[in-house]
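Engineer: Take this structure, written in structure tokens, and hold onto it; I'll ask about it next.
The values are calculated or read from the model by the stated rules, or taken from the named source; none is laboratory data. These numbers come from a predicted model, not from an experiment. Cβ placement follows ideal geometry from the backbone for every residue including glycine, while neighbour counts extend to all protein chains displayed.
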Amino acid sequence: MNSIIKLFTLISFLILISGCSSSVRFTSDNDLKKSESDEKQTTNSIPSNLDEYSDYPVLETKEGVASFYANKYNGKKTANGEIYDMNDLTAAHLFYPFNTVLRVINKKNNRSVILRINDRQPEDNGRIIDVSLKAAEILGMKDDGLAAVILQVLKWGEH
């Protein structure tokens, strides 16, 4: 009987201790910071001001449906290793190389934004691109969630 009490006490203690552990989590309220090595690894000569690409010639044009992603992925790593910030002008594409710069035009209202590819779409889901929350707001598609868009590639990223 005494050994059963000791075993029960030990198991209870272990359960109690394991419940006290935690993992690092990001939320949309956290300040997202990149380490110096992350910054060097992911910028690859892409200026922070994407507007400078507005006069570049169009290298490729595609049409399709866009969606956006935000809170669920905010603060998590993207496919190229960056930390996703829903307030950056970035996007996920199924196969365009990372750091490809493109203009996205909402066909319904003709609003446009210049974005950089830094993530991958999870699968071929019928959408041509998934844009950040900030881009969705600029494009005027946040309320609808989806929009018919035109993609214009302005600069190819590395393969």
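Engineer: Which one is surrounded by the fewest Cβ atoms within 10 Å (Cβ to Cβ), of the residues in segment 111-159 that are within 15 Å of Phe98 (Cα to Cα) and among the charged types (D, E, K, R)?
Structural biologist: Residue satisfying both the conditions and the ranking: Glu158.
Engineer: Something else now. Which of the residues that make up segment 56-74 are within 19 Å of Ile138 (Cα to Cα) and of a type in the set (Asp, Glu)?
Structural biologist: Scanning segment 56-74 gives a single hit, Glu63.
Engineer: Condition test on Asp130, is it under 22 Å from Asn49 (Cβ atoms), within 18 Å of the chain's Cα centre (by Cα) and not β-branched (Val, Ile, Thr)? Outline the logic, then answer.
Structural biologist: On the way: under 22 Å from Asn49 (Cβ atoms): no; within 18 Å of the chain's Cα centre (by Cα): yes; not β-branched (Val, Ile, Thr): yes.
No: the conditions fail for Asp130.
Engineer: Based on what the data block shows, is Tyr73 over 28 Å from Asp55 (Cβ atoms), in a loop (DSSP other than H, G, I, E, B) and out of contact with any Lys or Arg (no Cβ under 7 Å at 6 or more places or on another chain)?
Structural biologist: yes
Engineer: Pick from segment 53-80 the residues that are surrounded by 13 or more Cβ atoms within 10 Å (Cβ to Cβ) and touching a Ser or Thr at 6+ places or on another chain (Cβ under 9 Å): which of them is nearest to Asp130 (Cα to Cα)?
Structural biologist: Phe68
Engineer: Then there is this: Could we say that Lys62 is under 18 Å from the mean Cα position of the chain (by Cα) and either closer than 14 Å to Leu154 by Cβ or modelled with pLDDT of 80 or more (or both) here? Can you show your working first?
Structural biologist: On the way: under 18 Å from the mean Cα position of the chain (by Cα): no; either closer than 14 Å to Leu154 by Cβ or modelled with pLDDT of 80 or more (or both): yes.
When the stated conditions are applied, Lys62 does not pass them.
Engineer: Any residue in segment 83-109 that is more than 20 Å from Asp55 (Cβ to Cβ) and surrounded by fewer than 19 Cβ atoms within 10 Å (Cβ to Cβ) sitting within a Cβ distance under 7 Å of a residue that is modelled with pLDDT under 95 and of a type in the set (Asp, Glu)? List the pairs, counting only those 6 or more apart or interchain.
Structural biologist: So the pair list comes out as Leu94/Asp124; Pro97/Glu158.
Engineer: Working only within segment 146-159, note down all residues that are in a loop (DSSP other than H, G, I, E, B) and among the hydrophobic types (A, V, I, L, M, F, W, C).
Structural biologist: Applying the first criterion (in a loop (DSSP other than H, G, I, E, B)) to segment 146-159 yields 156-159.
Within segment 146-159, just Trp156 meets the criteria.
Engineer: Can I ask one more? Residues in segment 30-52: is at least one at pLDDT below 80 and in contact with a helix residue (DSSP H, G or I) (Cβ under 8 Å, 6 or more places away or on another chain)? Walk me through how you get there before you give the answer.
Structural biologist: First, pick out the residues of segment 30-52 that are at pLDDT below 80: 30-51.
Retained after the next criterion (residues that are in contact with a helix residue (DSSP H, G or I) (Cβ under 8 Å, 6 or more places away or on another chain)): 34.
Yes, because at least one residue in segment 30-52 is at pLDDT below 80 and in contact with a helix residue (DSSP H, G or I) (Cβ under 8 Å, 6 or more places away or on another chain).
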